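The values are calculated or read from the model by the stated rules, or taken from the named source; none is laboratory data. All figures in this text were calculated on a predicted structure; none of them were measured in a lab. Because the Cβ atoms are built from the backbone with ideal geometry, glycine has one as well, and the counts that use them run over all protein chains shown. Accessible surface areas use protein heavy atoms only, side chains included; no ligands, DNA or RNA. Shrake-Rupley method; radii C 1.70, N 1.55, O 1.52, S 1.80 Å.
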Amino acid sequence: MHKMNYTLKKSFGRIIDFIYSRLLLEHLMRNTMRAILLSILVIISPLFLFAQSAASDSAIIFFDKKILDFGTAKQGESKTVIFTFTNKGNKPLIVSDALKGCGCTSVKWTKEPVMPGKQGYVWATFNSNIGYGHIMKPIHIHSNATVPQMDIYIQGELLNEKFQTSDTNQK
């Protein structure tokens, strides 16, 4: 009986030791992970603060709409849309170039510096001399903003009587 109690106590002791060691290990692991995450946060947080101060000390271009639809156009007809952008930064915004995606589009833009909080414009004219159906043409904007290159798009539907079916002509 005495030997059985000793064996029983030894078995329970091993179980308790095992449970205690698992709990201790989990506790250490949790605290180690917390320490690692806290260290990473302390190291990285100045980078975010620097990035915010750098971004806030520059021009930021914001377009009200990046895609404008001119509706429908018959062959040979020209359609113009006006994109409006705002300088949401605290430095003057200068749009250095607005490159058209093809020869069927002409582009003009505000050439003067756009002061913080003020608006500028991009005028895009599409000349529908060839083709038919839905079109979408890019305009590549280059500026001194935090994002120096971005695309805006002009889209619409080209009607060309030569390519229309008899069903379309009867409507």
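Please state which of the following conditions residue 155 fails to meet, knowing it meets all the rest: (1) over 23 Å from the mean Cα position of the chain (by Cα); (2) modelled with pLDDT of 90 or more; (3) open to solvent by 30 Å² or more (accessible area, probe 1.4 Å).
(1)
Considering only residues that are at negative phi, surrounded by fewer than 17 Cβ atoms within 10 Å (Cβ to Cβ) and of a type outside the set (Val, Ile, Thr), which ones fall in the range 68-90? It would help to see each step written out before you state the result.
Within the range 68-90, the first condition is being at negative phi, and the residues that meet it are 68-70, 72-75, 77-90.
Within this subset, residues satisfying the condition of being surrounded by fewer than 17 Cβ atoms within 10 Å (Cβ to Cβ) are 69, 72, 74-75, 77-78, 80, 82, 84, 88, 90.
Across the range 68-90, the qualifying residues are 69, 74, 75, 77, 78, 88, 90.
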